[in-house]
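Report on one structure; see the data block that follows.
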Amino acid sequence: MTESYTMQRALAFDFGDARSQTTSDQFMFGDCLLVAPLLDDSSSRLVYLPQVPAIPKGTGAWYGFWDGKLYAPAAAENVSAPLLRIPLFAKRGSILAVGPALQHTGEKPTDPMEIRVFDGTSASFTLYEDDGVSSDFTRSSTIAINWSETKQELTLGPLKGIGFPAMLVNRTFNLVRVRIGHGVGYGQTAAPDKSIAYDGHEVSVKLPA
């Protein structure tokens, strides 16, 4: 919304190869997630995983959202899709914020917040929050989040923005470096790699491999 860009978009918006230009049954959700919907009653489907430019060819370029396994780019990856588990993949070099389960935005504060790092190359993400009620998006807050592959370090920048009445200044961030069976699925991870008390000031944290 703040960058005048669409969150849900065709693969062609993000990848320049010929197959991405013609794939019409998959899409990107934000910069991180590749979604491959089921269009019939099958329990599996073929998924096209494009090459990620920053990742060397011949290596894993996508994390399975449900299992944390690394998948190499493939023209036709046969993916299991049991009930309630739509095929989802997270691009290497991405950051994903996962909040607590909410029925509506006013139910409770979005605390703690989980930050998942899909490593492989440096990544950046801006956590944007507003009051969830009004249309005045200028009354909001942002936190720039950056992953340095070289330093193996995650940095949460200072809290910025005009803010809103229920804005959280002091909060907990649970940091997770995704791997097989760790930092997977839609629920928050029971044992994060690091847990930090954030007070609105910049902080950097090393994350174990």
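The values are calculated or read from the model by the stated rules, or taken from the named source; none is laboratory data. What you are looking at is a predicted structure, and each value in this text was computed from that prediction instead of being measured. So basically every Cβ, Gly included, is an ideal-geometry build from the backbone, and we count neighbours across all protein chains shown. Surface accessibility is based on the protein's heavy atoms, side chains included, excluding ligands, DNA and RNA. Shrake-Rupley method; radii C 1.70, N 1.55, O 1.52, S 1.80 Å.
Observations on the structure shown:
- Those aspartates and glutamates that a straight Cα-Cα span of less than 13 Å connects to Lys160, excepting residues fewer than 8 apart in one chain: Glu129, Asp130, Asp199, Glu202
- In the context of the full protein assembly, Arg19 retains an accessible surface of approximately 110 Å², using a probe radius of 1.4 Å and ignoring ligands and nucleic acids.
- Listed residues Leu70, Leu49, Leu39, most fluctuating in the chain (Gaussian network, C-alpha, under 10 Å): Leu39
- Placing unit charges on the Cβ atoms of the charged side chains and taking the dipole of the range 102-209 about its Cα centre, the candidate lying farthest along the positive direction among Gly106, Phe137, Ala190 is Ala190.
- Carbon and sulfur %, accessible surface of the chain computed with the full protein complex present, 1.4 Å: 54
- Were the residues from Gln8 through Ala144 laid out at 0.36 nm apart, the gain over their Cα-Cα distance would be 46.8 nm.
- Note that the range 1-129 presents 53 Å² accessible area per residue, ligands and nucleic acids not counted, probe 1.4 Å.
- The Cα atoms of the range 151-209 give a gyration tensor whose axes a ≥ b ≥ c have a/c of 1.5 or more with a/b no greater than b/c, which makes the shape oblate.
- The chain, helix-only ellipticity at 222 nm - DSSP H runs n ≥ 4, -39,500 (n - 2.57), divided by all residues, nearest 500: -500 deg cm²/dmol
- Span per principal axis, largest first, for the Cα atoms of the range 31-149 (Å): 44, 38, 23
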